[in-house]
Amino acid sequence: EATAYLLEPFAEQPVKGLLQNVTGLRWNNDEQLLYWNKFELSAYYPKSEQKILLERSTTPILNAFWHQGLVYAFSQTAELLKIYELDSRDQRNIYDFLPLDPLTKDNLFINKKGDVLYLIANHDNQSGLYKIEIQ
């Protein structure tokens, strides 16, 4: 785990903040950042400097990424893909979306439009590239 420094290079004070114990992070158009360590997933919004804990997980988080609509995020463990609704409701909805296998670890992608999820996985003892339509 590492420390991620949030920089604003042309400001008088260029170090805007830091995120500690970071295993991975994923920006979305410099508007929002997902970051995680082994058991916590969070979002950071630079304009408001707001940090939001999305989940404390009981299983290690391997990866996380944004949906193109910016109101959803995904996290991936060895066995499960989860979806987080990030709108301004009083309660955040988290869905267990799709069971995964170890082959899927770094082989999970969403298309540019945000309506198709591609993954490499085993299904019925057969490895392959699978396509799942989402909304």
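Only protein atoms count toward the accessible area here, which uses a 1.4 Å probe; on the stretch 57-105, the carbon and sulfur part of that area reaches 53 percent.
Between their Cα atoms, which of 82/113; 16/51; 51/112; 51/82 are more than 24 Å away from each other? Cα-Cα > 24 Å for 51/112; rest within.
With a Förster radius of 41 Å applied to the beta-carbon distance between residue 126 and residue 26, the computed FRET efficiency rounds to 0.85.
With each label modelled as a point 7 angstrom along the Cα→C-beta vector, the residue 50-residue 101 pair spans 4.1 nm. Taking every protein chain into account, the accessible area of the chain amounts to 65 square angstrom per residue (probe 1.4 Å). The three principal axes of the C-alpha atoms in the stretch 26-95 carry coordinate ranges of 33, 23, 20 Å, sorted with the longest axis first. For the chain, the C-alpha radius of gyration divided by 2.2 N^0.38 Å, with N the number of residues, is 1.12.
Segment residue 90..residue 77, full-extension length gain: 2.1 nm, with 0.36 nm per residue of separation and the alpha-carbon distance subtracted.
The values are calculated or read from the model by the stated rules, or taken from the named source; none is laboratory data. Bear in mind that the values here come from a model prediction, so they are computed numbers and not experimental data. Virtual Cβ from ideal backbone geometry, glycine too; neighbours counted across all protein chains shown. Surface accessibility is based on the protein's heavy atoms, side chains included, excluding ligands, DNA and RNA. Shrake-Rupley method; radii C 1.70, N 1.55, O 1.52, S 1.80 Å.
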